[in-house]
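Written below as structure tokens is the structure these notes are about.
The values are calculated or read from the model by the stated rules, or taken from the named source; none is laboratory data. Treat the numbers as computed from the prediction; the structure is a model and nothing was measured. Note that we place each Cβ from the backbone using ideal geometry, even for glycine, and neighbour counts take in every protein chain shown. Accessible surface is based on the protein model in full, side chains and every heavy atom, while ligands, DNA and RNA are left aside. Shrake-Rupley method; radii C 1.70, N 1.55, O 1.52, S 1.80 Å.
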Amino acid sequence: MRTFGIYCLIGVFAVAGAACGGAKEEAKPAEQAAQQATPQAGDPAKEMAQGMEQFANAMQQIQKGPNGEALEPVDFKALQAILPDVPGWEKEKPQGESMTAPVKFSQAETAYTKGEARIEVKIVDTTSSQMLTLPYQMFLMANYSKQTDSGYEKATKIAGHPAWEKWDGESKHAELGMLVGQRFLVTLDGNGTDVKTVQEVVGKMDLGKLAGLK
């Protein structure tokens, strides 16, 4: 479940680096003119402010809905309400959080345990951000599949939503994920269990209600 946060950080730092780099390139002509007019060095604070402004503009551009509209993440409590009770499994207290900068998103998560088996579930409102969904696009590609000695990966559909499925028989690790309503990323990570059991947890979730959240 930590994978999502790691990818997000990589994306944020990549965009930040590009924005700051662009600020430095644009600042060069101004610095040269300033050096010609005065022997004083450029203003680092001003350069930093320019970089941050470009970074903010870049973030606004990549976090827009399908029609170019600006979206705000839903309350994480609304996402927590989607996390179901599953008969025969002990459900941990759901956790949630929201963030508005530098990346807008909200998320809710919980875990279900039964003996040695554990299934972690997370729902993330990406507000249609390409940054947050890009790491998963490979798994959502039509006809994507991969076979190994111990398991497989493949693109699929769950209740009509683009999804992916992974299974490793040696470690008894199952993973399912889907993109609901082009903005809600749902991931399930099961250890000590199988794909069918994880699918049953998905079946308890009201994906229609999730897709309708605004």
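Looking at LYS122, is it under 19 Å from ASP189 (Cα atoms), surrounded by 14 or more Cβ atoms within 10 Å (Cβ to Cβ) and of a type in the set (Lys, Arg)? So LYS122 fits the description; yes.
Considering each residue of the stretch 127-135 in turn, none proves to be β-branched (Val, Ile, Thr), within 24 Å of ASP194 (Cβ to Cβ), touching a strand residue (DSSP E or B) at 6+ places or on another chain (Cβ under 7 Å) and modelled with pLDDT under 95. Got a number for residues in the stretch 168-200 being in contact with a Lys or Arg (Cβ under 9 Å, 6 or more places away or on another chain) and not β-branched (Val, Ile, Thr)? Selection size over the stretch 168-200: 13. Of all the criteria given as (1) in a strand (DSSP E or B); (2) more than 13 Å from the chain's Cα centre (by Cα), the one not satisfied by ILE82 is (1). Tell me, which strands (runs of 3 or more DSSP E) wholly within the stretch 132-214 include 3 or more residues that are open to solvent by less than 50 Å² (accessible area, probe 1.4 Å)? In the stretch 132-214, the matching strands (runs of 3 or more DSSP E) lie at 151-158, 161-168, 173-180, 184-191.
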